[in-house]
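To start, the structure itself, in structure tokens.
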Amino acid sequence: MENIIETRGLTKRFGELTAVDHLDLTVAQGEIFGLVGPDGAGKTTTLRMLCGLMDPSEGSARVAGYDVAREPRAVKDQMGYMAQRFGLYQDLTVEENMVFYADLFNITGQTRVDLTAQLLRMTRMEPFRARPAGQLSGGMKQKLALMCTLLHRPRILFLDEPTNGVDPVSRRDFWTILYQLLKDGITIFMTTAYLDEAERCNRVGLLHKGKLIRCSTPEVMKTETGSANLEGAFIKTIHAVEGVVTA
Ligand SMILES: Nc1ncnc2c1ncn2[C@@H]1O[C@H](COP(=O)(O)OP(=O)(O)OP(=O)(O)O)[C@@H](O)[C@H]1O
Ligand SMILES: [Mg+2]
């Protein structure tokens, strides 16, 4: 399988702080990859570099065959990025937000009408098309943000904690949509704070203080650490790195 994302020694420094420290990772086309790690581990910084929104201090990343630092424009055409705090316009309705983002991507005419209808149907948001974004529930806001990200039909989706603060039922809806996208051949690279979500990924990377300290399938991660669940595997791995003795 072709690697659609590939990083070599990808590093980001902010002054004295190394937020992302020599990251080597690959993601195959059609895979769903989950990046997890404590607050401040460097997840968002990694995503921003992969999206060509931030230059690496050192190392490189290729996304869909393009170098993110040298050809950011080409990368942006291939991918959709849903930021941790995605910019919805609270006073605009669901539909108006979609039109705004469609304009941004130069999607007009019948294509826009068809795509908007298709996305509203897929996310079951049709009944709410005329509701201002500011009056949506948290889960619906996330679905709207996802729709706006999908408007230009990206091959790769970068989602930064897309279900943060969303109730379990809405999270399940959100995952149904993600599975549908995977079936259509889209590659998904996401960060999440929820380990049940990490468990659903094909492979998971554990980031700690900017370093990728473990990267494999959830199954292998649990077996290697002798843990019943991913939470146990993560805690053991982080403790091992920090030299903490666990009972
Ligand atoms: N623009 C910036 N300037 C200086 N430091 C930054 C900047 N952006 C991030 N950092 C620092 O880099 C580190 C990694 O931040 P990042 O946002 O990537 O973490 P994260 O894993 O996404 O955390 P969270 O789970 O809280 O979203 C943090 O210590 C953060 O304070
Ligand atoms: Mg973050």
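Taken together, the values in this text are just the output of simple stated rules run on the coordinates, not laboratory data. What you see is a predicted model, and the numbers here were worked out from it, not measured in a lab. Please note: Cβ atoms are built from the backbone with ideal geometry, for glycine as well, and neighbour counts cover all protein chains shown.
Using 0.36 nm per residue of separation minus the Cα-Cα distance, give me the extension gain between ASN229 and ARG131 in nm, one decimal.
Numbers: separation 98, 0.36 × 98 = 35.28 nm, distance 4.03 nm.
Once the chain is fully extended between ASN229 and ARG131, it gains 31.3 nm.
By DSSP, what percent of the beta bridges with both residues in the chain are antiparallel, rounded to the nearest 5?
Working: 21 of 38 bridges.
Counting only bridges with both partners in the chain, antiparallel ones make up about 55 percent.
Hey, what angle do you get for helix 109-122 against the long axis of the chain, alpha-carbon based, 0 to 90 degrees rounded to 10?
60 degrees
Once the convex hull of the C-alpha atoms of the range 68-166 is built, how many Å³ does it hold per residue, rounded to a whole number?
Numbers: hull volume 9.8 nm³, N = 99.
Cα-based convex hull of the range 68-166, divided per residue, equals 99 Å³.
What ratio of Cα Rg to 2.2 N^0.38 Å holds for the range 62-107? List each step's numbers first, then the result.
Numbers: Rg = 13.5 Å, N = 46, 2.2 N^0.38 = 9.4 Å.
Scaled against compact globular proteins, the figure is 1.43.
How much space per residue, in cubic angstrom, does the convex hull of the C-alpha atoms of the range 127-247 take up? Could the numbers behind the result be given before it?
On the way: hull volume 16.6 nm³, N = 121.
So the per-residue Cα hull volume is 138 Å³.
Please report, in debye to the nearest 20, how large the charge dipole of the chain is about its Cα centre when each Lys and Arg carries +1 at its beta carbon and each Asp and Glu carries -1 there. Each step should come with its number before you reach the end.
Details: 29 positive and 30 negative charges, 41 e Å.
Around 200 debye, computed over the chain.
Which of the chymotrypsin sites (Phe, Trp or Tyr not before Pro) across the range 164-235 are loop residues per DSSP, with 11 or fewer other Cβ within 10 Å? All intermediate terms of the calculation are to be shown ahead of the outcome.
Details: sites: PHE174, TRP175, TYR179, PHE189, TYR194, PHE234; in loops: TYR194.
Counting only loop positions with at most 11 other Cβ atoms within 10 Å, none of the chymotrypsin sites (Phe, Trp or Tyr not before Pro) in the range 164-235 qualifies.
Using the Karplus curve 6.51 cos²θ - 1.76 cosθ + 1.60 with θ = phi - 60°, what ³J(HN,Hα) values do you get for each residue of the range 89-97, in whole Hz, with x for Gly and Pro?
For the range 89-97, the Karplus-derived couplings read 8, 4, 7, 8, 6, 3, 5, 5, 4 Hz, x marking Gly and Pro.
Hey, for a label at SER57 modelled as a point 7 Å past Cα toward Cβ, could you say which residues of the range 4-31 have their backbone N under 18 Å away?
8-24
Taking the chain as the reference, fit the longest principal axis to its C-alpha atoms, fit the long axis of helix 230-242 to the helix C-alpha atoms, and give the angle between the two in degrees, 0 to 90, nearest 10.
Its long axis makes an angle of about 50 degrees.
Would you kindly state how much longer the chain becomes between VAL241 and ASP91 on full extension, computed as 0.36 nm times their sequence separation minus their alpha carbon distance, in nm to one decimal?
Details: separation 150, 0.36 × 150 = 54.00 nm, distance 4.70 nm.
Once the chain is fully extended between VAL241 and ASP91, it gains 49.3 nm.
Over the Cα atoms, compute the radius of gyration (one decimal) and Dmax (the largest Cα-Cα distance, rounded to a whole number) for the chain, in Å.
18.4, 63
Could you state the angle between the C-alpha long axis of helix 138-150 and the longest principal axis of the C-alpha atoms of the chain, as a value from 0 to 90 degrees rounded to the nearest 10?
80 degrees
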